[in-house]
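What follows is a single structure, written as structure tokens, with notes after it.
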Amino acid sequence: MSKSKTRIKASFNGPYIVEGRAPIQETSIEKDPITQNWTYKQNHLLKTEGKTTKLCRCGHSSTMPFCDESHICQHFDGTCTAPHKPFAQDAQAVEGPNFTLLDNEMYCAFGRFCDAFGRVWNLVRQGKKETDQLAIKETLSCPGGRLMIIDNQTGEIIEEPAQPQIKILQDAALNCMGPIYAKGGIEIIDDQEKPYEIRARQALCRCGKSHNKPFCDGSHALDTGEKETPNNSGLPKSST
Ligand code: FES
């Protein structure tokens, strides 16, 4: 996909440097009390000044989501270890009659949007009109971009057009900070100034604990004792 004018650089053992004017908004992941589906609740827009904004990625700032230089006294090791491989290279394909789901577990940010209504992998395999629509909705809600969905007839990737936007996620159900959700083709640059493949939905670690920096791997949920990574068999898989 084409890249936007906004880009996010992971600085060496320091914060994310956001360049460009994409809005930055506090957003929480909550369970809809009626549908029991996971949903985003948009909260307030953050005020930013100047051409760049520094967002904490060590997890220790007292002025979250902004960096307050705490990474220095915390001796933060922010080494970016995520490989520069195309998403599809390590993705598993789950084929349904009408749509094919591509699943790359490396980018799971534990958003849990894929869990509802019997889980996205089962939905896509069923191939009914309503299950296909749910599978598309759940895939496009996935903040980490672990999931991608392709129309079997046209071969096209389904993605909703979105302006570049940055969401500071809070996981209300787990009462913990979530990742930074970069939506709309924002370019992500590693700590060696090397750009990653541009993806529509990407989640960046802001707890400092991911093993796939700069991307979120759901480690923020580990402390809550809740994390288990859904897999494409439709059964939960305990994470390490
Ligand atoms: S990266 Fe600077 S305070 Fe966290």
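For segment 165-194, which residues satisfy the criterion of being of a type in the set (Val, Ile, Thr) and farther than 13 Å from residue 6 by Cβ? Listed by number, the list holds a single entry, 168.
Looking across segment 55-71, the residues that are more than 7 Å from the ligand (Cβ to nearest atom) and touching a residue at least 12 places away in the same chain (Cβ under 8 Å) come down to 55, 64, 65, 66. Of all residues in segment 141-162, those being touching a Cys at 6+ places or on another chain (Cβ under 9 Å) and touching a residue at least 60 places away in the same chain (Cβ under 8 Å) number 4. Could you grab me the full set of residues in segment 26-48 that are surrounded by 12 or more Cβ atoms within 10 Å (Cβ to Cβ) and closer than 18 Å to residue 140 by Cβ? 27, 29, 30, 37, 38, 39, 40, 41, listed by residue number. Counting only strands (runs of 3 or more DSSP E) that sit completely within segment 1-101, those holding 2 or more residues that are more than 30 Å from residue 125 (Cβ to Cβ) correspond to 7-10, 16-19, 24-31, 38-45, 52-55. With respect to residue 100, determine if the residue is over 19 Å from residue 207 (Cα atoms) and at pLDDT 95 or above. Here the answer is yes, as residue 100 does meet what is asked. Applying the criterion of at least 2 residues that are at pLDDT 95 or above, crowded, with 16+ Cβ neighbours inside 10 Å and not hydrophobic (A, V, I, L, M, F, W, C) to the strands (runs of 3 or more DSSP E) found wholly in segment 124-192 leaves 165-171, 176-183.
To keep it simple, each residue is scored yes or no on (1) over 22 Å from residue 193 (Cβ atoms); (2) of a type in the set (S, T, N, Q); (3) touching a strand residue (DSSP E or B) at 6+ places or on another chain (Cβ under 9 Å).
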{"position": "33", "(1), (2), (3)": "yes, no, no"}
{"position": "43", "(1), (2), (3)": "yes, yes, yes"}
{"position": "51", "(1), (2), (3)": "no, no, yes"}
{"position": "57", "(1), (2), (3)": "no, no, yes"}
{"position": "60", "(1), (2), (3)": "yes, no, no"}
{"position": "103", "(1), (2), (3)": "yes, no, yes"}
{"position": "109", "(1), (2), (3)": "yes, no, yes"}
{"position": "124", "(1), (2), (3)": "yes, no, yes"}
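Per this entry, residue 72 is not counted among residues that are β-branched (Val, Ile, Thr), buried (at least 17 other Cβ atoms within 10 Å of the Cβ) and not assigned by TED's automatic domain parsing to the domain that holds residue 117.
Within segment 76-96, identify whether any single residue is within 14 Å of the ligand (Cβ to nearest atom), of a type in the set (Ser, Thr, Tyr) and crowded, with 18+ Cβ neighbours inside 10 Å, and answer yes or no. No, there is no match, as no residue in segment 76-96 is within 14 Å of the ligand (Cβ to nearest atom), of a type in the set (Ser, Thr, Tyr) and crowded, with 18+ Cβ neighbours inside 10 Å.
The values are calculated or read from the model by the stated rules, or taken from the named source; none is laboratory data. Treat the numbers as computed from the prediction; the structure is a model and nothing was measured. We place every Cβ from the backbone using ideal geometry, glycine too, and count neighbours over all the protein chains shown.
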